[in-house]
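S.K.: Encoded as structure tokens, here's the structure I'll be asking about.
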Amino acid sequence: MEEVTGSSDRVESLEASEPAAATSRTMKAMVQSEYGTADAIQLLEIGMPDIAADEVLLEVHAGGLDRGTLHLMNGQPYLIRLMGYGLRAPKNSVPGLDVAGTVVAIGAEVTRFQVGDDVFGISNGSFAEFASAPEDKLALKPANLSLTEAAVVAVSSLPALQGLRDVARLQAGQSVLVVGASGGVGTYAVQIAKSLGAEVTGVASSGKLDLVRSIGADHVIDYTREDFADGERHYDVILDIGGRSPVSRLRRALAPRGTLVIVGGEGGGRWTGGIGRQLWAMTLSLFIRQRLTTFISKETYVDLEVVKGLLEGGEITPTLDETFAIDRLPEAIDHLESGHARGKIAITVASA
Ligand SMILES: NC(=O)c1ccc[n+]([C@@H]2O[C@H](COP(=O)([O-])OP(=O)(O)OC[C@H]3O[C@@H](n4cnc5c(N)ncnc54)[C@H](OP(=O)(O)O)[C@@H]3O)[C@@H](O)[C@H]2O)c1
């Protein structure tokens with residue numbers, strides 16, 4: 001293995017009593033020095049991440065792979081490069097957002113965690129043996145989940161929760177259509193919508209309808225055979241996560257005073273990711289009775305603790321697809337990009 005420099009340039013600020021694991025000089029990590037996905041990444045021995053005063057150092061058990069992580073890895077749509085992630089190359093050379101692991105050191109201002117705590121949340125690079133993470137993007141691991149299961153929760157459950165509860169303001173008894181119900185965000189959205197008392201219809205491809213039913217959807221629609229916007233059914237809320245349907249199509253399936261929440265969708269173009277669809281929806285919304293909107297999820301521990309409660313109460317469960325050892329990350333990326341994943345993919349670090 002080649003040695004490269006560490007990925008973080010922040011000042012180290014650890015407690016005096018840091019354990020041996022936290023002070024070892026190097027770690028194994030998946031590293032990318034340029035934008036790309038499976039082809040741009042390799043397992044290297046690099047310096048340990050530094051932590052800021054409000055961060056913890058985690059010994060990573062597993063990370064989660066999702067579409068957002070892939071966007072950050074390949075720097076597309078290009079718009080995200082202008083948002084501070086690095087113009088020519090990723091600023092953070094270790095990818096991976098979703099994480100679950102054990103706290104091995106804490107910054108001077110950290111108050112919610114101590115060394116030895118098992119936590120989950122969002123880190124600064126989870127495809128590595130160790131990762132730094134802001135305290136306010138972590139919560140204690142749900143008692144009833146393994147660390148691997150906990151590693152596929154945060155990134156996808158937060159947009160599902162916030163999209164339904166805060167943006168759509170979903171009420172018990174309302175009907176909701178989840179377009180993209182078999183994916184990372186969608187599998188949480190179906191379950192959270194049910195826990196909020198809604199009647200849920202999930203849209204997915206033929207081979208994943210069983211999954212969508214198994215997580216509680218009342219009805220399923222196969223997007224390869226049926227048109228959810230055939231004018232027959234109208235929903236109080238539509239959560240649009242997959243397929244990039246035109247706004248006009250989504251409106252046809254929406255009740256006259258219904259709410260459309262656009263979460264995202266792949267294939268929107270290299271420059272903007274097709275954000276024009278969201279902008280058009282918000283503009284149009286000013287002139288019609290339907291409410292058309294979009295949002296970017298907030299990475300906050302307050303909602304992670306809400307999700308933890310739902311998990312521990314048995315109201316939602318992570319839909320864990322395959323688990324790949326860290327050195328098989330390129331395979332995991334292919335699996336996600338090819339559309340084969342059912343729910344979420346975990347990347348385990350232990351076997352590297
Ligand atoms: N706004 C935010 O804050 C936020 C947060 C997280 C993610 N996102 C975005 O949301 C999108 C989805 O993320 P994800 O992690 O859930 O992705 P994912 O795991 O790949 O899931 C994609 C979903 O879309 C479905 N789908 C694909 N083609 C479709 C079509 N033509 N019609 C209907 N459904 C279709 C898939 O169904 P099958 O697999 O059955 O084909 C799957 O259920 C991504 O673009 C991501 O960047 C936004």
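S.K.: If we keep just the residues of the range 179-189 that are part of a helix (DSSP H, G or I) and of a type in the set (A, V, I, L, M, F, W, C), which is farthest from the ligand (Cβ to nearest atom)?
M.R.: A189
S.K.: Among the residues of the range 282-289, are any open to solvent by 30 Å² or more (accessible area, probe 1.4 Å), basic (K, R) and touching a Phe, Trp or Tyr at 6+ places or on another chain (Cβ under 7 Å)?
M.R.: no
S.K.: Of the conditions (1) assigned to a loop (DSSP other than H, G, I, E, B); (2) among the hydroxyl-bearing types (S, T, Y); (3) out of contact with any helix residue (DSSP H, G or I) (no Cβ under 7 Å at 6 or more places or on another chain); (4) under 22 Å from V31 (Cα atoms), Y85 satisfies every one except a single condition; which number is it?
M.R.: It fails just one condition, (3).
S.K.: Related question: Would you point out which residue out of D39, D66, D54, D50 is open to solvent by 10 Å² or more (accessible area, probe 1.4 Å), of a type in the set (D, E) and within 16 Å of the ligand (Cβ to nearest atom)?
M.R.: D66
S.K.: Consider only pairs whose beta carbons are under 9 Å apart and that are at least six residues apart or on different chains; among these, list those whose first residue lies in the range 187-205 and is under 15 Å from D236 (Cα atoms) and of a type in the set (K, R) and whose second residue is more than 13 Å from the ligand (Cβ to nearest atom) and open to solvent by less than 10 Å² (accessible area, probe 1.4 Å).
M.R.: K194/V200; K194/I316
S.K.: If T293 passes every condition in (1) of a type in the set (S, T, N, Q); (2) within 14 Å of the ligand (Cβ to nearest atom); (3) modelled with pLDDT of 95 or more; (4) not in a strand (DSSP E or B) but one, which one does it miss?
M.R.: (4)
S.K.: Right, D136: in contact with a helix residue (DSSP H, G or I) (Cβ under 6 Å, 6 or more places away or on another chain), open to solvent by 30 Å² or more (accessible area, probe 1.4 Å) and part of a helix (DSSP H, G or I) or not?
M.R.: When the stated conditions are applied, D136 passes them.
S.K.: Any chance you could count how many residues in the range 304-323 are surrounded by 19 or more Cβ atoms within 10 Å (Cβ to Cβ), within 23 Å of F113 (Cα to Cα) and touching a strand residue (DSSP E or B) at 6+ places or on another chain (Cβ under 9 Å)?
M.R.: The qualifying residues number 3.
S.K.: Mind listing whichever residues of the range 248-275 are more than 13 Å from the ligand (Cβ to nearest atom), of a type outside the set (G, A, S), open to solvent by 50 Å² or more (accessible area, probe 1.4 Å) and at pLDDT 95 or above?
M.R.: R251, R252, P256, R257
S.K.: If you don't mind, another one. Tell me which residues, restricted to the range 190-246, are assigned to a helix (DSSP H, G or I) and either at pLDDT below 95 or open to solvent by 10 Å² or more (accessible area, probe 1.4 Å) (or both).
M.R.: Q191, K194, S195, S206, G207, K208, L209, D210, L211, R213, S214
S.K.: On the basis of being charged (D, E, K, R), open to solvent by 60 Å² or more (accessible area, probe 1.4 Å) and farther than 25 Å from A168 by Cβ, does E337 make the cut?
M.R.: When the stated conditions are applied, E337 passes them.
S.K.: Follow-up question, since we're still on this one. Examine the range 140-147 for a residue that is assigned to a helix (DSSP H, G or I) and either within 16 Å of the ligand (Cβ to nearest atom) or open to solvent by 20 Å² or more (accessible area, probe 1.4 Å) (or both), and state whether such a residue exists.
M.R.: Yes, the range 140-147 contains at least one residue that is assigned to a helix (DSSP H, G or I) and either within 16 Å of the ligand (Cβ to nearest atom) or open to solvent by 20 Å² or more (accessible area, probe 1.4 Å) (or both).
S.K.: Give the residue, chosen from V115, V99, V110, that is buried (at least 23 other Cβ atoms within 10 Å of the Cβ) and of a type in the set (A, V, I, L, M, F, W, C).
M.R.: The unique qualifying residue is V99.
S.K.: Sort out which residues of the range 328-351 are of a type in the set (D, E, K, R) and either farther than 17 Å from I41 by Cα or not in a helix (DSSP H, G or I) (or both), and write them in order of number.
M.R.: R342, K344
S.K.: Oh, and also: Under 9 Å by Cβ, and 6 or more places apart or on different chains, what pairs join a residue from the range 267-296 that is on the phi < 0 side of the Ramachandran plot with one that is of a type in the set (K, R) and open to solvent by less than 40 Å² (accessible area, probe 1.4 Å)?
M.R.: Final answer for the pair search is G268/R277; T294/R277.
S.K.: Working only within the range 251-266, note down all residues that are touching a residue at least 40 places away in the same chain (Cβ under 8 Å), of a type outside the set (S, T, N, Q) and within 24 Å of S157 (Cα to Cα).
M.R.: V261, V263, G264, G265, E266 - these are the residues of the range 251-266 that are touching a residue at least 40 places away in the same chain (Cβ under 8 Å), of a type outside the set (S, T, N, Q) and within 24 Å of S157 (Cα to Cα).
S.K.: Exactly one condition in (1) open to solvent by 20 Å² or more (accessible area, probe 1.4 Å); (2) away from the ligand (no atom under 14 Å from the Cβ); (3) assigned to a strand (DSSP E or B) is false for V176; which is it?
M.R.: (1)
S.K.: Looking at the range 300-327 only, could you name the residues that are part of a helix (DSSP H, G or I) and without any contact (Cβ under 8 Å) to a residue 12 or more places away in the chain?
M.R.: V302, G309, listed by residue number.
The values are calculated or read from the model by the stated rules, or taken from the named source; none is laboratory data. These figures come from a predicted structure and were not determined experimentally. For neighbour counting, all protein chains shown are included, and Cβ atoms are generated from backbone atoms with ideal geometry for every residue, glycine included. Ligands, DNA and RNA are stripped out before the accessible areas are found, and what is left, the full protein with its side chains, is counted by its heavy atoms. Shrake-Rupley method; radii C 1.70, N 1.55, O 1.52, S 1.80 Å.
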